[in-house]
Every structure is written in structure tokens, then in C-alpha cells.
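Just below is one structure, and these are the notes that go with it.
The values are calculated or read from the model by the stated rules, or taken from the named source; none is laboratory data. Predicted, not measured: the structure shown is a model, and the values here were computed from it. Counting neighbours? That spans all protein chains shown, and the Cβs are built from the backbone with ideal geometry, glycine included.
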Amino acid sequence: MAAGFSWRMALRGRVAGVCAGLLVPVGVAAAPPAAASPSGCPVATASTVLAASTPMLDYAENLGYDRTGNLWVSRLYRSVVQRYDSHGRLTGTVAVASPGAIRLGPDGLLYVASGDSSLNLVPGTHSGAIVRFDPAAPAPTPAVFASGLGMPNGAAFDAAGNLYVADTASGVVRVRPDGSVDTGWTARAADYGVNGIVVDGDSVYATEYFSADGRIVRIPIADPSAQATVATVTIGSTGVSALPDDLAVGPDAMLYDATTTGHLVRIDPVAHTTCTVYSGTDPLAAVAPAADGSLTVSTAVGNVLRITLTGK
């Protein structure tokens, strides 16, 4: 088994099926089927903006934007992050071992989770790291920002510049702006199996990928030991986890979760409700808000989608 092979691919591979070969050219609007939206849920339309050159090998684990609007995509099995311009052209590649989340820092640098591999899933593993680089540099060179992590997956900054890392092997880790780990805070937020993560106001929200019912938990920044489940992301009404992956705050201030079962789910953490706004054939991996109000979604096959939400 290759070092880059992750536990998620084994799960996602079962869902992807024959759809790995159903690709459309960059810029072609359409394609992925969208499920009818429930009452009160936005209507979603989807288009493929980046098509995988080699399905599955191009596994798009995560994605994010830099300050100039370039899209960066983590290609997990290629151990690179790739930069694309607004026309979908590949304009740069940076080597990062088993990359996970890509997040724009308050300093304008991009921060990337490195070591998002099943080899780092065992509790007690400490070879994972967060690296950072200047996306505007002619040849960006990653430098280690924080080390000693397990399996860093998701990441999110708060208003004070602290970075919260969803370390699947140990829990949510808070990294101070100087790159040191806040061990006291982190110990109180321990939660094995976390995956996606986002900061919204005074709260951190994380997905529990290994939970049987797809839990989304709220972790108060002021008191991480007071975490509570705000919603469950399941397959329909079955109560069985839809395998919630990465999270983002959408244009309507709601949470949006990409699931391995191919659904984009909207979560209201206050009302504790969910609804599926999009259902496709490929396992989804991550979601990021775009400047135009749409959501950019990556898939395990390697395609990247644009999902536009309209109405309610």
C-alpha cells in the first residue's frame, strides 16, 4: 500500500463506482445531477470547472483560494498542491507530502496540512505538519510552520490568527500564530476521528468522520471541553452516517458539508437541522466559498465542481 493511500479512499472507492470515467471538459456547465431541494433549502445547480486528467489518481482532497482569486487544489496521491487561474488553467505546482486542507492565512500566505495519510492515523504518530508558502512567489517553497502532528486533515483560522487543525489521529489542535501548539486548549478538545473543520465567530465546528451517525460538533473557543453535537449528517432518514468530510461557512452563513456519499449538506447549527442541496455520483471531499457567492467542491475522482445556490 502506497504511503499516500488513505483510509478515506477505501471508503470512497465503494461509492465512486463506474463514475470515475464520467468527466466533462473544463468550463462545461452541467453534468452532475442535483437532487430536488427540500422545502426551505436552497436550489443547487452544478457544473464541472476542473476535470480530472487521471481519475482517482487526481483525488482532490481539499481546496482553497489565495488573495488574488487563484484556486489551489490538494492532489493527495500526487503529493502536490496545484494552482489554477480563473479560466481553469494550471499555472503552478508545489510539492507537499500527502496534502490536506489549504487555507489562506491572515498574513497572505497559504497554509497546507501535510501528512494526511493513513500511515499517520495511529494515535501517537507525530510526523504530520502544517507547511506554508507565499502563493505569489515565482516558485513557492513550503516551510514548516507547525510540526509534531498526527494526521492533519482540515484547518481553519480564527480572528486572532490561531489555526485550528482537525488532526484525525488525535483531535482538534490549536496552533498559535507563532507556530507553537496550545497544548492546554488542545487537550480539552481531544476528539479522535475529526476530519473537516471551520471557525464561525466564537465557535469551532468539526465533523466526526468515524461516528456512526455523522456527527457535527460545536467546540466553543472559550471552553473547548464544552463541545456538543449540533447536527448529524446521515443518509436520508436512515440514521446512518453519510461520512461527513470537510466543512465551510456558506454565503447564507450556514454550514455546508461535503460527504463521501456524494451529497452537499446544509447545516443550521442553531436550529440543529440539515438538508441536502446537491447529490452527485462522485464522493465529495471538500467545499470552499468562492468570491462570487458560489461554492467550490472537490471530489475523490479529482473533478472540481461549482455549485450555485439560489432561492429557498
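Tallying residues that are part of a loop (DSSP other than H, G, I, E, B) and at pLDDT 95 or above within region 189-209 yields 3.
One line per residue, one yes/no per condition, for (1) in contact with an Asp or Glu (Cβ under 9 Å, 6 or more places away or on another chain); (2) at pLDDT 95 or above; (3) surrounded by 20 or more Cβ atoms within 10 Å (Cβ to Cβ):
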{"site": "A36", "(1), (2), (3)": "no, no, no"}
{"site": "G40", "(1), (2), (3)": "no, no, no"}
{"site": "V49", "(1), (2), (3)": "no, yes, yes"}
{"site": "N70", "(1), (2), (3)": "yes, yes, no"}
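Considering (1) modelled with pLDDT of 95 or more; (2) over 15 Å from the mean Cα position of the chain (by Cα); (3) not acidic (D, E), the lone condition that L264 does not fulfil carries the number (2).
Scanning region 89-134 for residues being assigned to a strand (DSSP E or B) and without any contact (Cβ under 8 Å) to a residue 24 or more places away in the chain gives a total of 4. When restricted to residues that are more than 24 Å from R188 (Cβ to Cβ) and either part of a strand (DSSP E or B) or not β-branched (V, I, T) (or both), region 213-239 contains 4.
With respect to A155, is the statement that it is touching a strand residue (DSSP E or B) at 6+ places or on another chain (Cβ under 6 Å), under 20 Å from V204 (Cα atoms) and not β-branched (V, I, T) true? Show your work before the answer.
Numbers: touching a strand residue (DSSP E or B) at 6+ places or on another chain (Cβ under 6 Å): yes; under 20 Å from V204 (Cα atoms): yes; not β-branched (V, I, T): yes.
Spelling it out, A155 is indeed touching a strand residue (DSSP E or B) at 6+ places or on another chain (Cβ under 6 Å), under 20 Å from V204 (Cα atoms) and not β-branched (V, I, T).
Of all residues in region 274-283, at least one satisfies being among the hydroxyl-bearing types (S, T, Y), in a loop (DSSP other than H, G, I, E, B), at pLDDT below 95 and within 28 Å of R89 (Cα to Cα). The conditions of being of a type in the set (D, E), in contact (Cβ under 8 Å) with a residue 24 or more places away in the chain and farther than 16 Å from L121 by Cβ are met by D200. Please verify whether A160 is in contact with a Pro (Cβ under 8 Å, 6 or more places away or on another chain), among the aliphatic types (A, V, I, L, M), surrounded by fewer than 16 Cβ atoms within 10 Å (Cβ to Cβ) and more than 24 Å from T260 (Cα to Cα), treating the condition exactly as stated. Spelling it out, A160 is indeed in contact with a Pro (Cβ under 8 Å, 6 or more places away or on another chain), among the aliphatic types (A, V, I, L, M), surrounded by fewer than 16 Cβ atoms within 10 Å (Cβ to Cβ) and more than 24 Å from T260 (Cα to Cα). Selection of first residues in region 284-302 that are more than 21 Å from V199 (Cα to Cα) and buried (at least 22 other Cβ atoms within 10 Å of the Cβ) and of second residues that are modelled with pLDDT of 95 or more and aromatic (F, W, Y), restricted to Cβ pairs under 6 Å at least 6 apart or on distinct chains, gives the following pairs, ordered by first then second residue: A300/Y59; G302/Y59.
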